[in-house]
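Written below as structure tokens is the structure these notes are about.
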Amino acid sequence: MNEQSYEDFMSTVSHELRTPLTSIRGFSQTMLTSWNKLDDESKKKFLKIIEEQSNRLISLVENMLSVTKLQSANENFVYKETDILPIINTVVSIVKNQYTSRVFEVNVSKNTPTILVDRDKFQQVMMNLIENAAKYSFDNTKISVVGSSSDNYEYVSIKVSNVGVKLAEEDYDKIFTKFSRIDNPLTRKVQGSGLGLYITKNIVDKMKGSISVVSSEIDDKSAVTTFEVKFPVCNVETQAREKCKQ
Ligand SMILES: Nc1ncnc2c1ncn2[C@@H]1O[C@H](COP(=O)(O)OP(=O)(O)OP(=O)(O)O)[C@@H](O)[C@H]1O
Ligand SMILES: [Mg+2]
């Protein structure tokens, strides 16, 4: 990182950290000084805010650590032949627990080959995409995860789709950059640091894959947004594999 972008990064980070900290301090001070005047309902509401803001801080710090690690040259990726379905199922069951008003559908073709990836990093990619799909969708809509391979087994594709607010085409590139969030009623309702997709793209690129997004309108209020990640099946390291010999 050059000096200017380091300074920009630090000032955004400080701002992002200060907002939840200020609110945690404010609500705890209010509770301490006015304990006897507050009814149970308000106390519960304030504690809920403190809990939410603490969660926001934790995810922000975790994301920042991921960014720092990705920028250091010697971060280790441990590549293993990986079956995508069990990892997708694990991630879906975690996200499902948090977003109970969404319906999840997983469909991975039987003949989908294994891919050579770092399993923790692959799980992080799936987590960011499926969590976003749940986060930026309307209540009682369906989130689908579809895994398949190209006809010639060149790559494995995973598509994560959801129904929400349309993502404008001019924002397709922007959302993969640091701290970028698109302003709309859905994003205003949920918290986020705007680092998830930046981290995701970085990891996917390092594992020789690619990521893209398309958002197509259903009507004037909603759209289907699909993120697709592709990982090569027969890359240099896997040339000896049976299915790569043909
Ligand atoms: N499935 C989606 N549908 C519509 N917009 C999306 C979707 N996923 C991401 N976005 C947009 O892209 C922005 C960046 O996403 P990203 O995951 O990088 O950050 P975030 O979710 O805001 O925060 P976090 O760092 O906690 O993930 C989001 O704020 C949202 O505006
Ligand atoms: Mg996100």
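The values are calculated or read from the model by the stated rules, or taken from the named source; none is laboratory data. Just so you know, these numbers come straight off a predicted model, no measurement behind them. For neighbour counting, all protein chains shown are included, and Cβ atoms are generated from backbone atoms with ideal geometry for every residue, glycine included. For accessibility, only protein heavy atoms count, side chains too; no ligands or nucleic acids. Shrake-Rupley method; radii C 1.70, N 1.55, O 1.52, S 1.80 Å.
One table, with the values for the structure above:
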{"item": "Filtered residue count, the range 127-147, keeping only those that are open to solvent by 40 Å² or more (accessible area, probe 1.4 Å) and more than 12 Å from ligand 2 (Cβ to nearest atom)", "result": "5"}
{"item": "Selection count where residues are of a type in the set (S, T, N, Q), open to solvent by 100 Å² or more (accessible area, probe 1.4 Å) and closer than 21 Å to Ser66 by Cα, scope the range 3-38", "result": "1"}
{"item": "Residues within the range 144-190 that are in contact with a helix residue (DSSP H, G or I) (Cβ under 6 Å, 6 or more places away or on another chain), away from ligand 1 (no atom under 13 Å from the Cβ) and at pLDDT below 95, tallied", "result": "1"}
{"item": "Residue count for the range 1-48, restricted to those that are in contact with a Lys or Arg (Cβ under 9 Å, 6 or more places away or on another chain) and of a type in the set (A, V, I, L, M)", "result": "1"}
{"item": "Any chance Glu41 is at pLDDT 90 or above and either open to solvent by less than 30 Å² (accessible area, probe 1.4 Å) or not assigned by TED's automatic domain parsing to the domain that holds Phe122 (or both)", "result": "yes"}
{"item": "Pair list, Cβ under 6 Å, 6 or more apart: the range 49-68 residue of a type in the set (Lys, Arg), other residue surrounded by 13 or more Cβ atoms within 10 Å (Cβ to Cβ) and in a helix (DSSP H, G or I)", "result": "Arg56/Pro20"}
{"item": "Selection status of Val106, within 16 Å of ligand 2 (Cβ to nearest atom) and under 12 Å from Ile158 (Cα atoms)", "result": "no"}
{"item": "Checking Glu81 against (1) open to solvent by less than 50 Å² (accessible area, probe 1.4 Å); (2) more than 16 Å from ligand 2 (Cβ to nearest atom); (3) under 30 Å from Cys234 (Cα atoms), the condition it does not meet", "result": "(1)"}
{"item": "Subset of the range 158-179 [surrounded by fewer than 17 Cβ atoms within 10 Å (Cβ to Cβ) and touching an Asp or Glu at 6+ places or on another chain (Cβ under 6 Å)]", "result": "none"}
{"item": "The range 180-236, residues that are under 22 Å from Ser59 (Cα atoms), buried (at least 19 other Cβ atoms within 10 Å of the Cβ) and basic (Lys, Arg)", "result": "Lys201"}
{"item": "In the range 90-113, the residues that are open to solvent by less than 70 Å² (accessible area, probe 1.4 Å) and in a helix (DSSP H, G or I)", "result": "Thr90, Val91, Val92, Ser93, Val95"}
{"item": "Candidates Leu70, Leu116, Leu57 - the one that is open to solvent by less than 20 Å² (accessible area, probe 1.4 Å) and on the phi < 0 side of the Ramachandran plot", "result": "Leu70"}
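To keep it simple, each residue is scored yes or no on (1) among the β-branched types (Val, Ile, Thr); (2) assigned by TED's automatic domain parsing to the domain that holds Val163; (3) at pLDDT 95 or above.
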residue	(1), (2), (3)
Phe27	no, no, yes
Phe46	no, no, yes
Ile50	yes, no, yes
Ile58	yes, no, no
Ser93	no, yes, yes
Thr112	yes, yes, no
